[in-house]
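The values are calculated or read from the model by the stated rules, or taken from the named source; none is laboratory data. All figures in this text were calculated on a predicted structure; none of them were measured in a lab. A quick note on method: Cβ atoms are made from the backbone with ideal geometry, for glycine too, and the neighbour counts reach across all protein chains shown. Protein only, heavy atoms only, side chains kept; ligands, DNA and RNA dropped before computing areas. Shrake-Rupley method; radii C 1.70, N 1.55, O 1.52, S 1.80 Å.
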Amino acid sequence: MQAFETELIGKRQSLADIIANIETETTPYTSMVQKRTRPVNQPHSWQAEVYPDSPHTGVEDGKDVETFDTVPRFLLQCYSQKFWRNPAVSDFADEAEIAGAGGGEMARQKAIAMIILKRKLEARFLSASDTALTGKTYETRGQFSWITATAQTTFPVPADVRTPAAQIYTGTLANYDETQFGNMCASSYIQRKGPMEMDAFLGIYLKKKFTDFTSWQENRTNYTAVRQFNRTGDATTFTNTIDFLKTDTGSYRLHPSSFLRKTASTGADSAGTHLSGLVLDLNMCALAYTRLPRLLPQENKGGGPRCICDAIALQMNDNPLGMMKMQIDS
């Protein structure tokens with residue numbers, strides 16, 4: 001009798017030697033931001049200053065000096081925060097042969113833990129969460145909290161270096177347009193006293209809005225197309241993305257991000273995760289590690305290997321005065 005494949009008993013499972021994850025590992029802010037000297041105590045402090053406006057009238061001949069000038073400095077402070085992701089597998093799981101995990105299940109889980117730890121850092125730094133000390137739990141400040149026109153609860157940014165309201169957008173995505181962005185940039189230019197190179201970290205729907213700036217022109221009733229295309233007959237690729245803007249107020253590199261304003265308690269997307277954005281001067285931002293990301297093996301008490309994957313870090317914003325944010329929820 002002929003044997004058919006569908007009736008065979010004891011067939012080995014056909015399993016590809018690969019483990020696929022649909023999520024990307026892109027953490028542009030944490031990768032790009034400068035790394036600074038290790039903080040020694042909680043909280044960590046640094047200074048900011050702003051050059052004041054000064055009169056440019058003449059000085060009377062023969063007049064003696066009666067008053068003297070100083071430029072005041074302002075203190076900024078923030079707590080460091082501990083982040084961790086702690087993998088563990090059972091004895092049998094670690095001895096099993098897993099397709100795509102050539103080093104064993106624990107080795108695979110360690111690699112994943114390091115990726116997720118970096119995502120935790122990215123999400124915190126691009127969050128709206130404030131720095132705080134609750135009991136014995138320290139938390140660092142996210143950029144959406146650094147960039148605000150009102151005083152924070154803990155270690156408020158001094159008023160002289162606080163972000164002007166004109167550089168903060170809180171309306172809807174539908175109403176955000178090139179004019180809104182231009183007005184924000186103009187205010188930032190005035191604070192900085194000149195054009196600068198800045199980096200924008202944008203939710204994907206806001207990033208699409210920036211691409212539309214180059215494709216559409218607003219009129220009184222709706223939008224009308226202004227783009228034109230010239231291509232050869234054999235061209236098969238259409239590219240429509242904007243990653244760099246150069247304007248009168250400065251140059252802006254645009255980076256899509258999936259880690260803006262995520263929910264602190266769960267790590268899930270918030271209503272504004274893919275709608276919001278930040279425009280930062282990365283020369284004025286830094287990541288200060290108290291402890292670099294590490295893998296610390298723990299004692300195997302018989303149940304299987306365990307490990308701590310952790311880091312201690314804080315986010316520094318030297319001077320939020322010239323930065324911008326689009327805090328959009330709908």
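Tell me which of 132, 171, 146 sits at the most positive position along the dipole axis of the range 41-177, charges placed on C-beta atoms (Lys, Arg +1; Asp, Glu -1).
132
Net charge within 11 Å of residue 155 by Cβ-Cβ distance, Lys/Arg positive one each and Asp/Glu negative one each, not counting residue 155 itself?
Overall, the nearby charge balance is 0.
Using label points projected 7 Å from each Cα along Cα→Cβ, tell me how many nm separate residue 253 and residue 86, to one decimal.
3.8
Determine the per residue accessible area of the range 53-133 with all protein chains present and a 1.4 angstrom probe, expressed in square angstrom.
Value returned for the range 53-133: 66 Å² of accessible area per residue.
Please work out the average accessible area per residue across the range 272-324, using the 1.4 Å probe convention, and give it in Å².
Ligands and nucleic acids excluded, the result is 33 Å² per residue.
Quote to one decimal, in nm, the extra length available between residue 190 and residue 66 on full extension: 0.36 nm per residue of separation minus the C-alpha distance between them.
Separation in residues times 0.36 nm, less the Cα-Cα distance, equals 41.5 nm.
When the accessible area of the range 133-183 is computed with all protein chains present and a 1.4 Å probe, what percentage of it is carbon and sulfur?
50
Give the shape of the range 57-110 as rounded, prolate or oblate, defined through the alpha-carbon gyration tensor: a ≥ b ≥ c are the square roots of its eigenvalues, a/c under 1.5 means rounded, and otherwise the shape is prolate if a/b is larger than b/c and oblate if not.
It is prolate, given that a/c is not under 1.5 and a/b is the larger ratio.
So how strong a dipole does the range 73-213 carry about its Cα centre when Lys and Arg Cβ are +1 and Asp and Glu Cβ are -1, to the nearest 20 debye?
500
Longer than 19 Å from Cα to Cα, which of 207/262; 35/207; 35/82; 82/301; 120/325; 82/136 are they? Say none if no pair is.
Beyond 19 Å: 35/207; 82/301; 120/325.
For the range 64-96 and the range 281-330, what is the separation of their C-alpha centers, rounded to whole Å?
7
Which residues in the range 163-203 place their backbone N less than 15 Å from a point set 7 Å from the Cα of residue 32 along the Cα-to-Cβ direction?
It comes to 196-203, nothing else.
Can you give the FRET efficiency for residue 45 and residue 292, using 1/(1 + (r/R0)^6), R0 = 25 Å, r = Cβ-Cβ distance, to the nearest 0.05?
The computed FRET efficiency comes out at 0.70.
Would you mind giving the average projected area, over all directions, of the Cα convex hull of the range 106-223 in nm² with one decimal?
The directionally averaged projection comes out at 11.6 nm².
Can you give the FRET efficiency to the nearest 0.05 for residue 204 and residue 57, using r as the Cβ-Cβ distance and R₀ = 41 Å?
With R0 = 41 Å, the Cβ-Cβ based efficiency is 0.20.
Calculate the dipole size of the range 248-330 relative to its Cα centre from +1 charges on Lys and Arg beta carbons and -1 charges on Asp and Glu beta carbons; express the result in debye to the nearest 20.
It works out to roughly 360 debye.
Sum up the charges of everything whose Cβ sits under 11 Å from the Cβ of residue 84, counting Lys and Arg as +1 and Asp and Glu as -1, but leave residue 84 out.
Net local charge, residue 84 excluded: +4.
Using only the Cα atoms, work out Rg/Rh for the range 93-166, with Rh taken as the Kirkwood radius, to two decimals.
Looking at the range 93-166, the ratio lands at 1.29.
Need one number: nm distance between label points at residue 283 and residue 330, each 7 Å from Cα along Cα→Cβ, rounded to one decimal.
4.0
Using only the Cα atoms of the range 260-330, build the gyration tensor, take square roots of its eigenvalues as a ≥ b ≥ c, and label the shape rounded, prolate or oblate: rounded if a/c is under 1.5, else prolate if a/b is larger than b/c, else oblate.
oblate
What FRET efficiency comes out for the pair residue 175/residue 132, r = Cβ-Cβ distance, R0 = 30 Å, nearest 0.05?
Efficiency for this residue pair is about 0.40.
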